[in-house]
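Structure first, then comments.
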Amino acid sequence: MLEARGISFAYARRQVLDGATFSVASGETVALVGANGAGKTTLMRILAGILLPSSGQLRADGFNAFRETLRFRRLLGYMPEQTPVEPELTVKAYLKFRARLKGEQVRKIRHRVLEAMEACSLGDLADTRIRLLSHGQRRRVALAEALLLRPRFLLADDLFAGIDPATRQSLGQTLAAFSQFASVVVSGHELEDLGRVASRFLVLKDGRIAEAGNAAAARKALGT
Amino acid sequence: MRTFRLYATRTFGSLATSLTAAFGTALFLAATSYLFVRALVRAEGTVAVLSSIWAESAVATLPCLAAIVTMRIVADDRLSGRMELILSAPISERDYLMGRFCGAFLYLSLMLLAYMAVPLVVLPCCATGGSSVALADFLPALVGLLFWGALSCAIGTLASACIPHAAAAGAATMVCVPLLPYAIYRAAFVCSPSVRGVFPVFPVERFASDAGAGMFSFAYVACMVLGTALALFTASKTIAARRFAGSGGGVLGLKVSTAVVVALGFVFAVMAAVCAWRLDFTMEWPLRSHSPGFSARTRSILADTHGETRATCFLSRRDPAWRGTARLLRGLEAAARDAAGTRLVVDFADPRWDLSTAVRLTRAGVREGTVVFERGRRRISVPIADVDESACASALLRLSLPAGRETVYWTVGHGEFSFDSYDPVTGMSTLARALRRDGYELRPFETAQATSVPDGCGVLVVAGARTPFSSAESAMVDSFLRRGGRLFVLIAPAAPDAGLARLLAGWGVRALPFVAVSPRTLDGADLVATDFGEHDVTRPLAGTAVVFQGAAPLAETTPSAGEKTTFTPLVRTDETAWGESDVTHHPWTRDASTEPAGPLVLAAALESGAGPRKDLALKPTRIVVVGDASFAVDGALSSRANANRDLFRNALAWLAGLDAATAPGTPADVLVTGMDRKARVRMLVFSAVVLPAVLFLFGFALAMRRRFV
C-alpha cells in the first residue's frame, strides 16, 4: 500500500502541491488527473523519490519511503513523462543494463528481460536499436523497464501521451494484467483511456487531491 | 560497487565508440606529440630527462582531453532526462558519479598509454644510436600524469554535473584546469618576487618534470588527490541537490554542508601541502636508479682524491634549489663510495632548523645559500646558483691540490671576447666561472699600455682579437714566448689576419682565409668535429664532439724563430668538410680549384724546445691555437652538452704546465637521440600525424560499427 499524507511542494514562490493526501491499496490502480501545470508530474516525481517535498509523508507498505529511500526504490517501477532511454542500445541490451542496475541477480536477468518484453509486446523488437523505434514503441520500452523486476509500486507518468489508440489499448492491457500484484498510479489527460485501467481517479486541483469515482466524476471535478 | 562497475563500463564503452572522443584523442596526440618532438629537439645534447620532457609536454594538453571526454558524461543524462531514471533507481549518486568518472579516467589513461608509444616505439624507430629508452623509466612520469589527469577528469565531471550543455561544460573545464591556474600563476609571477623565487616554473609542470625524474613531492600529490576528491564530492552533491528543487531549506542545508566540507577540505589540502612543502616530504620511485650519471671527469676526480671531505648544504629546505642540490650531493656521496676514493660526508643544514650548524657556519663567514666543501682546515664555498656537478668536482679537486693559483692574463683592447661578459655571443663568463673553480685567477691585460708581460703570467690568452696587435705589442708577446711563455690564441670569426697572426706565422702556424664547413652539422651553420689528435690536451676527449661555428682552418708554416717547433693538430674535421671562401651565399659548394678539402685542422698545439729545456728544468714555449673564438662563448656552452669546455680547460691546463688533462666533464646522462633533420621530420610525421590518424580511424570504425551494425 502506498500512502501519501500532506505532501506540499513549491518551486521558488509558486506553491504546486499543498497538502496532497491519498492512498493506493495493493492491487489497485488509480489515475491521477489534472489540468496542465497542476502538478501531476511533480507529484509523480515526489512519489518516485526524485524530488523531496517541503513537507509531508510517504509510506510504502508501512515504512517511510522518504527515509528508507534505497529500500523504496528497490520496490518501485517508474515510467517518466519523457522516454529517456539509451538510443544506441538495443531493446534487450537496454533492459538488461537496467535490470543489472536495479540489482537483479545475474542468473535471473535474462528471464526478467524476456518477461518484460513479452508483457509489453517487444519480442520482435528485441535486437532493434532504440533510436530506430517510434514514439509508441519507445513508450512500451519505458513501460517494460518500469515493469522489469515486478515492482510493488508502479508509477507511470502521462502514460498515453502521443500514443495511438491501438497502442493505448495494448499498454492498458499490460498495465491491467500487472496491477493485480502492485499499487499503480498512472497520470494523464485521457480520462476515457485512464478509466479503462484505473479503478478510481485522483483529481489534482490547486495543489490538493480530490477523489473521483469514475471518468465522468473526474471530468466534472476538473470542470471540463 | 555494482552501479560503479556498470557505469564505469558503460562510460568507457560510450567513449570508445564516440566520434567526438576519437577526434579529441587524435587532436590530443597530435598536439602533445608535436610538443614532445619540439622539446626533444631543443633538449638534444643537454642533461634533460627524456621522461620528464614526455610528461611536461602533456601538462597543457591533458586537461583538454579530459574536458572532451568528461563534458557529456553527466550533462547528457541531464539533458535527455535519463537523470530521472537514475535518481529513481536503487543506486546512490556517489556510485553513479564514481562510475562515470572512472570510465572517463580509464579512457584517458589508455590514451596516455597510447602517447607513451611515441618515446617507446616511434623514437627508437626514427632515431639510430641514441640513448636507450626503457618502459620502466616512463612509469613514474605516467603516474604523475595520471594524478594530473584524475584531477582534470574530476573537474570535468563537476562541470558536466553543473552545466547541462556539454560544450559549455567542456569549455568550463578547460578554463578551470589549465587556463585559470596558469593565468593566476602568471599574474602572481609578474607581481610577486617571492612567487618567482618559490615557483620559478608553473607548479604542475614542475610536478610533471619531477615525476619524470622519479620524484613525487607529497605537497603536489596531496593537492591533486584532495582536489580530485573535493571535485567529485561537490559533483555528487550537485546531483543530490536536484532532489531538493522545491525544498528551500533542504537545498540550503545541502549547499551549506557541501560548502563547509569543501572549505574544510581545501584548508586541509593547503595545510598538508604547506606542511609537506616545508618538511619536503618527497617520495622516490622505487624502480628507478636514483644516482645521477656523473661525467668521466667527476668520477676520475672522486677516484683520485683521498681522505675525508665534508660537503655541507647550507640552505633552507623551502628553497626551490634544495631538492636538486640534495639529490646531486647524495649522488656524489654514493659515487665517491663506489669509486673507493675520497670519503665524502654530506650534511644538510637548514638555517631555521639546524641552529648549531648554522651558527658555526655563519661564524666562519659562510653565507646562507651555499654548499661548503671542507677538507681539514681548508674550505671552499660554492654559491647555490653555481652548484652543479662540475662545480662540486672542481671544489673537490682544488681541495686535494696545493693551495696555489695559476694566473691567466686575458688581453683586452683589440675587440677580444671578455671573460666578464654575459653576452651569449661574445661573453665567456660561463667558462671563466669554471676556470676560477678550477683554481685559476683571471686578470685582464691591456697590452697597449704595458711594456712587458707580467712575470706572474702563467698563460696569456688572446680570445678573438679583431684588430691586429701593434708591432710593439707583438714584440712584447714574442719576448714573453721566448722566455718560455705560454700563449692561448682563439681566432676571431672572419678575422684570420687580426690579432697575432704575423707572430703566430713566425712560430709555425697560420689561419687560412676560409671558413670550415661540413655536412656534419647540428643546425646547418655549425660544424661537428670528432677527430682528435694524439696529444695530452685531447687524449681524454675521444668519443666526444666539439662544435665550432665559423672556424678558420689552420695550417703549419715554417717557423722563423730558428728553433724547432712541434706542430700537433688537436682537432680535425672529417674528409667531407672543406674551407668555404664565401659563406654568405647558400648553398655552400666546394670550388675544388681554390678551396681546401678536408680534413682540416681547427685547433693545434705548438711546443718549442721541449726536450733539452725539460732536461735543464726550463719551461718549454707552448702555444695553442683554435680557429674559432666563439666555440667557448656562453651561448655555445649553454646550448648543448658538447666537449668545447673540456677542450678549453685541457688546453689551458697543458699551457699552465699542469699536464693533467682531465676527462670530459660532459655528464654521462646527456640526452642523445642521434636524430638528424630527416629523422626528426620522420618522427614528427609518425607521432603527430600517423599515430593520431590511426587512432582516429580506429575510433571512427568503432563509432560506425555502433551506428550501423
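Laboratory data are not the source of any read-out in this text; all were calculated from the coordinates shown. What you see is a predicted model, and the numbers here were worked out from it, not measured in a lab. Positions of Cβ are backbone-derived with ideal geometry, glycine not excepted, and every protein chain shown enters the neighbour counts.
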* May I ask you to sort A:MET44, B:MET271, B:MET428 by Cβ crowding, counting other Cβ atoms within 10 Å and putting the fewest first? => B:MET271, A:MET44, B:MET428
* Asked: Between B:MET283 and A:ASN214, what is the FRET efficiency for a Förster distance of 60 Å, r being their Cβ-Cβ separation, to the nearest 0.05?
  -> 0.20
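Given charges of +1 on the Cβ of Lys and Arg and -1 on the Cβ of Asp and Glu, with all other atoms neutral, how large is the dipole of the protein assembly as shown about its Cα centre, in debye to the nearest 20?
It comes to approximately 4060 debye.
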* Which whole number gives the average count of other chain Cβ atoms within 10 Å of the Cβ atoms across peptide B:8-20? -> 1
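Return the FRET efficiency for the residue pair B:MET1, B:VAL694: r is the Cβ-Cβ distance, R0 is 51 Å, and the value is rounded to the nearest 0.05.
Plugging the Cβ-Cβ distance into 1/(1 + (r/R0)^6) gives 0.90.
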* With at most 14 neighbouring Cβ atoms within 10 Å, loop chymotrypsin sites (Phe, Trp or Tyr not before Pro) (DSSP) excluded, longest segment of chain B -> B:1-352
* Which value at 222 nm does chain B reach when only helices count, each DSSP H run of 4 or more adding -39,500 (n - 2.57), with the total divided by all residues and rounded to the nearest 500 deg cm²/dmol? -> -15500 deg cm²/dmol
* Would you work out which of A:LEU95, A:ALA126, A:LEU149 lies farthest towards the positive end of the dipole of the stretch A:83-150, given +1 charges on the beta-carbon of Lys and Arg and -1 on that of Asp and Glu, about the Cα centre? => A:LEU149
* Express the relative contact order of the stretch A:83-150 as a whole percentage, based on alpha carbon pairs under 8 Å and six or more residues apart in sequence. => 48 percent
* Length-normalised contact order for chain B - Cα pairs under 8 Å, 6+ apart - percent -> 15 percent
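When Cβ neighbours within 10 Å are restricted to other protein chains, what is their mean count per residue of peptide A:90-102?
Taking all residues of A:90-102 together, the mean is 2.
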* Check the protein assembly as shown and count each lysine pair with an alpha-carbon distance under 28 angstrom, considering only pairs eight or more places apart or from different chains. => 13
* Asked: If each residue's Cβ is checked for other Cβ atoms within 10 Å, how do B:ARG100, B:ARG572, A:ARG219, B:ARG482 rank with the fewest at the top?
  -> B:ARG482, A:ARG219, B:ARG572, B:ARG100
* For the pair B:VAL143 and B:SER80, how long in nm is the line joining their label points, each one 7 Å along Cα→Cβ? -> 3.8 nm
* To do: Return the average number of partner chain Cβ atoms within 10 angstrom of each residue Cβ along peptide A:48-56.
  => 5
* Structure fact -> For chain A the mean separation of alpha carbon contacts under 8 Å (6+ apart) over residue count, i.e. relative contact order in percent, is 30 percent
* **Cα-centred dipole magnitude for chain B, charges only on beta-carbon of K, R (+1) and D, E (-1), debye, nearest 20** => 2660 debye
* Ranking of B:CYS64, B:CYS191, B:CYS176, B:CYS392 by count of other Cβ atoms within 10 Å, fewest first -> B:CYS191, B:CYS176, B:CYS64, B:CYS392
* Structure fact -> Check: C-alpha center the stretch A:29-91 vs C-alpha center the stretch B:36-80, spacing in Å is 43 Å
